[in-house]
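Since the structure comes first, as structure tokens, the remarks are kept for the end.
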Amino acid sequence: MKAIQFTNPGEIKVIELPSPPAPGPGEALVRTHRMGVCGTDLSGYLGKMPFFSYPRIPGHELGLEVLEVGEGVTNVKSGDRCSLEPYVNDPSSVTSLKGASNCCPGVQVLGVHQDGGLRESWIVPARKLHVGNDLSYDQLALVETLAIGYHAVQRGNPQPGETVLVIGAGPIGLACLEFLKLMDVKVVVMDMVQGRLDFCRDRLGLAHGILVKGDGSELAELEALGSGQLADVVIDATGSAISMSNCFQYAAFTGRVVYVGITTQELKFPHAPVFHRRELTLMASRNALPKDFGEIIRLIGEGKIDTDAWITHRLAFDEVAENFARFTDPKLGAIKVIIEL
């Protein structure tokens, strides 16, 4: 059986694996039909993802088919189409028992900490599969990305009539925007790349975009859009330490700031004149919750989220080893690459 492996940073190859065994109790044997390429995959390939270890089979944004289930499995059956919740937690941990399986201390992300789905068939914990038989494998492969954005929006808890600023219009920022579009809020997106703002306007129907020019004009533009008011919720999806340190300036008094992007660098921001004076709230948003997957599958099935607009490039499994590296170049303009198995 063939699989794709990141052997070392910058090294990718096709490997041969033995066929997987029959699923044990609580497990399912699945076939991968689609994999969405995530920023985590690109960073892992480049050696810039802090949680990655090598060698590693990537792949956590997946559209899967259930081939066989083990003893005691009742949530899925053979033939089901599923999305994968790739965060393997310890159900008995205090954090998981509190309902926060997304940030269980020992959580292992498939495709990051453990081998993922860029292979023909493999064994997964059946409890991590979410059925979506009315969805295509393309759609199911995008559920996990959308779940990250959904969870971040829920953390910010926008209220009707509020203004929400999303900084960074990459895949995670776009995922946030998809759900904000469905809410009674004013949505503003900010990015350094005009092409991404154009995508948000033309494909997502978002009229309010601010181009980061680096001259401080962004704050004035935001104030102009809000008739002098700043954002009630700021979601930073950049992963940039500079942006994450500076984003507080865009938050209104009593505003909420959500970090969904990740950085290993230290963050510094003015406390007394901005954070304290405005009585801001800062939150992190990590992964997503099981219930998020079901909600997203429902919304896609009802036609409220159009995933077709996201997919800008496709790649056959046999082309991955030779062509994967080109998608690390932001000039290519890829929003979402789908690998077809």
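The values are calculated or read from the model by the stated rules, or taken from the named source; none is laboratory data. Being a predicted model, the structure only gives us computed values, none of them experimental. Cβ coordinates were reconstructed from backbone atoms using ideal geometry, including for glycine residues, and neighbour counts include every protein chain displayed.
What to note about this one:
- You will find that of G161, G156, G111, G149, the residue that is over 18 Å from the mean Cα position of the chain (by Cα) and not acidic (D, E) is G161 and no other.
- The residues listed here are G239, G261; of these, the one that is modelled with pLDDT under 95 and on the phi > 0 side of the Ramachandran plot is G239.
- Single unsatisfied condition, A224 versus (1) surrounded by fewer than 22 Cβ atoms within 10 Å (Cβ to Cβ); (2) in contact with a Ser or Thr (Cβ under 8 Å, 6 or more places away or on another chain); (3) in a helix (DSSP H, G or I): (2)
- Selection of segment 16-35 for residues being touching a residue at least 24 places away in the same chain (Cβ under 8 Å), under 21 Å from L315 (Cβ atoms) and of a type outside the set (S, T, N, Q) yields L17, V30, R31, H33, R34, M35.
- Residue within segment 323-339 that is among the basic types (K, R), under 28 Å from N102 (Cα atoms) and modelled with pLDDT under 95 present: yes
- Across segment 236-252, the number of residues qualifying as hydrophobic (A, V, I, L, M, F, W, C), closer than 21 Å to H276 by Cβ and in contact with a helix residue (DSSP H, G or I) (Cβ under 7 Å, 6 or more places away or on another chain) comes to 1.
- Unmet criterion (only one of (1) part of a loop (DSSP other than H, G, I, E, B); (2) of a type outside the set (A, V, I, L, M); (3) more than 20 Å from the chain's Cα centre (by Cα); (4) not assigned by TED's automatic domain parsing to the domain that holds K181) for Q265: (4)
- Of all residues in segment 292-313, those that are touching an Asp or Glu at 6+ places or on another chain (Cβ under 7 Å) and within 22 Å of C200 (Cβ to Cβ) total 3.
- When residues of segment 3-37 are limited to those that are of a type in the set (A, V, I, L, M) and not in a strand (DSSP E or B), the one surrounded by the fewest Cβ atoms within 10 Å (Cβ to Cβ): A22
- One residue from F253, F248 being farther than 25 Å from G47 by Cα and part of a helix (DSSP H, G or I): F248
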